[in-house]
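Step one of this worksheet: look at the structure below.
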Number of protein chains: 2
Amino acid sequence: MELPAEVEFREEGPREGFQIEPRQYPLADRVRLVEALAETGLRHIQVASFVSPKAVPQMADSEQLFAALNKRPGVTYSALWLNEKGFLRALATPGVDVRARLAFYASDAFARRNNGCSAEEMAARQQGWMALYAEHGLRVETMTVLAAFGCNFEGDVPPARSVAAARAAEALCRAQGYGVPKILLADTMGWANPVAVKRLVGAVREAVPTARVGLHLHDTRGLGAANMLAGLQMGVDLFDSSVAGLGGCPFSAPGDVTAAGNICTEDMVFMCHEMGIATGVDLEALLEAARLAESIIGRRLNGHLLRAGSLARFRAARALAAQA
Amino acid sequence: MELPAEVEFREEGPREGFQIEPRQYPLADRVRLVEALAETGLRHIQVASFVSPKAVPQMADSEQLFAALNKRPGVTYSALWLNEKGFLRALATPGVDVRARLAFYASDAFARRNNGCSAEEMAARQQGWMALYAEHGLRVETMTVLAAFGCNFEGDVPPARSVAAARAAEALCRAQGYGVPKILLADTMGWANPVAVKRLVGAVREAVPTARVGLHLHDTRGLGAANMLAGLQMGVDLFDSSVAGLGGCPFSAPGDVTAAGNICTEDMVFMCHEMGIATGVDLEALLEAARLAESIIGRRLNGHLLRAGSLARFRAARALAAQA
């Protein structure tokens, strides 16, 4: 299959990054990072989550964060929630671009740890989410399968679980008269490999051919770029990523926040551009935002271009020399 | 194309890693690392280089290093050289598994910096190398094209340069009655991308169909794993790599030895195993060697499994739970 001509990145650094850190960062710094990201051409930024402030105190001030944000037209500023209460908080918060989402777990053990219920219960709860969305005039935009490739608490996860989840989401949407628009397969704990990516994307697409399939990849074990390439080769054109490689799942490499998190937006934008795939993102501006993220976090982050830079300056020097 | 069933890694961490560090590490530590690597199933370890002690003082004691080494049968302990003098030093050093190599530059500017001569002069010198090898009864085993994808001092490098170098090496070998066995394409400064890898491997293989094509990849800009995947998809089954991601080219990210170096052996072995590709390497033993490398260098290295571990412990726990 040919590589897609254009790829969309959904930036999750502000949410993934700051929620995994042991301390809470100043609101002004987080606002500054989101605003810098919005200047890069990224069109979708997940700003914060509305989850239990007891479980994730770092995200307790999501309302204030949205209130403080200067929003740029054309950019979606979204938020994450894991239950109806979180959704209602998001809905009640001015400035949140509420995008209705469904969430399924491919691992029961991970559902219990991350959501406090079984995978089956979570699937059942999605009916309630659907009803709530319909009540507020919202259509589902995405469904996510968490731990779609494997789970630290359950081992390898068969593709059939994601396929079943995708079918369930599709059925819920069809009952409302539309198909599920986007299916995000999440490698939450870094278990994916390129062969598994191709297999799972193929299986899910076969099950729900009308949905756009996206990938939420983590670079936990160094395969993030290869897994993304495998996705691209399957025609996937939607990727979640984090500026500077911020974030990660607290269960991926417990106790080590310096472990690699999500795939790094600027490194992956670079990969796309080098292969002739458009992203709509200004790579050098994004690199500036990555440097800002690193200065806010206050330690070395995992992005590669942060250290080595892109190739632009070398090509510019070359072009200059050729003119002379 | 199908992925290869088996892949060979040539470990270059001991040479790449210690030569880029500003200080010289104790001989005993370097010996310990090489000996640990030899216990992992890796069959080829590049131990040191015989280059100018003025330019690379870190490698000034290569003779002593080989003398101190307890060698394991079945493992090749090789060395690098960049001129005839270096070759003769290697040849005179007991314990070096001398593997005759040719070296070509795809970038003239880089040849001048790295070898003190033009790319053309370097190509011409290969005749002298050939004569010297023949004189000592050695057949060429590999030829390497340095800066095959691009160069910080010259910009993008057209595939035709590598093709010309491959043809030249082939002609030199044919004149001695054999074909060049292995052609290594080196992404010395981190300019490769998956599309470029496929294009270049295809072009070189077309030019010299009898040679085994290998890749020497750097992870400078985070595309190492994706570039290796692209190589695997072209059937490439020979990769240079460095334990813990040690090393890198001093010209890749000048002044920053913490920038990513070569592709990381244990991460890439992990990728192969996860995709069902055999490597002959014991991943957990290799991870131990990576931890040793990190403790010797004395700072955080770039390998991902160093932080997150492999998936073995999770699968073992799962298997245990299933038995209970």
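Key figures for this structure:
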| quantity | calculated |
| --- | --- |
| For B:A109, net neighbour charge (Lys/Arg +1, Asp/Glu -1) across residues whose Cβ lies under 12 Å away | +1 |
| Charge-dipole axis of the stretch B:103-216 as Lys and Arg at +1 and Asp and Glu at -1 on Cβ define it, positive-most pick from B:V213, B:N193, B:A147 | B:V213 |
| Gyration tensor over alpha-carbon atoms, the stretch B:87-161, equivalent ellipsoid semi-axes in Å | 26, 12, 11 |
| Counted charge near B:A308, where neighbours are those whose Cβ lies closer than 9 Å (Asp, Glu -1; Lys, Arg +1) | +1 |
| Full-extension gain in nm, A:E6 to A:D256, via 0.36 nm per residue minus C-alpha separation | 86.5 nm |
| Cα long-axis angle, helix B:265-274 against chain B (0 to 90 degrees, to the nearest 10) | 70 degrees |
| Cα lying deepest toward the dipole's positive end in chain B, options B:L292, B:I20, B:A123, charges on Cβ | B:A123 |
| Estimated distance in nm for a label pair at A:K54 and A:D97, the labels positioned 7 Å out from Cα along Cα-to-Cβ | 3.4 nm |
| Cβ charges +1 (Lys, Arg) and -1 (Asp, Glu), total dipole of the stretch B:103-216, debye | 280 debye |
| Order of B:K198, A:K54 - criterion: other Cβ atoms within 10 Å of each residue's Cβ, fewest first | A:K54, B:K198 |
| Residues with amide H under 5 Å from that of A:A100, placed H, sequence gap 5 or more | A:E141 |
| Which of B:V47, B:C272, B:A226, positive extreme of dipole for the protein assembly as shown (C-beta unit charges) | B:V47 |
| Dipole magnitude (debye, nearest 20) for the stretch A:8-323, charges at Cβ of Lys, Arg, Asp, Glu | 100 debye |
| Ranked list, fewest to most other Cβ atoms within 10 Å of each Cβ, for B:R10, B:R43 | B:R43, B:R10 |
| Relative contact order, percent, chain B [alpha-carbon distance under 8 Å, six or more residues apart] | 20 percent |
| Value at 222 nm in deg cm²/dmol, rounded to 500, when DSSP H runs of n ≥ 4 in chain B each add -39,500 (n - 2.57) | -13500 deg cm²/dmol |
| Relative exposure of A:E274, B:E39, judged by other C-beta atoms within 10 Å (fewest first) | B:E39, A:E274 |
| Reduced Cα scattering model of the stretch B:103-216, Debye log10 I(q)/I(0), q = 0.15, 0.16, 0.23 Å⁻¹ | -0.59, -0.67, -1.28 |
| Proximal lysines to A:K198, defined as alpha-carbon separation beneath 25 angstrom and excluding residues fewer than eight positions away on the same chain | A:K182, B:K198 |
| Inter-site label distance for B:N70 and A:Q24 at 7 Å from Cα along Cβ, in nm | 5.6 nm |
| Acute angle (nearest 10 degrees) that the helix A:159-174 long axis makes with the longest principal axis of chain A, alpha-carbon atoms | 70 degrees |
| B:D240 long-range amide H proximity, modeled H, under 5 Å | B:R10, B:L215, B:H216, B:L217 |
| Two-decimal log10 I(q)/I(0) for the protein assembly as shown, as the Debye equation yields it once each C-alpha is a single scatterer, q = 0.08, 0.12 Å⁻¹ | -0.59, -1.21 |
| 14 Å beta-carbon shell around B:P159, net charge (K/R +1, D/E -1) | +2 |
| Distance in nm between pseudo-label sites at A:E39 and A:E135 (7 Å out along the Cβ direction from Cα) | 4.2 nm |
| Longest to shortest principal axis, alpha-carbon extents of the stretch A:8-323, angstrom | 63, 42, 39 |
| Shielding score for B:233-243, defined as the mean number of other chain Cβ atoms within 10 Å | 0 |
| Chain A: angle of helix A:194-207 to the longest principal axis, Cα-based, in degrees nearest 10 | 50 degrees |
| Spatially proximal lysines relative to B:K54 (Cα-Cα < 24 Å; intrachain offsets below 8 disregarded) | B:K85 |
| Per-pair calculated FRET efficiency, R0 = 30 Å: B:D61 and B:A171 via Cβ, rounded to 0.05 | 0.20 |
| Net charge dipole size for the protein assembly as shown [Lys, Arg +1 and Asp, Glu -1 on Cβ; Debye, nearest 20] | 120 debye |
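A short reminder: the numbers here are calculations on the coordinates, not readings from a lab. This is a predicted model, so every value here is computed, not measured. Cβ atoms come from the backbone with ideal geometry, glycine included; neighbour counts cover every protein chain shown.
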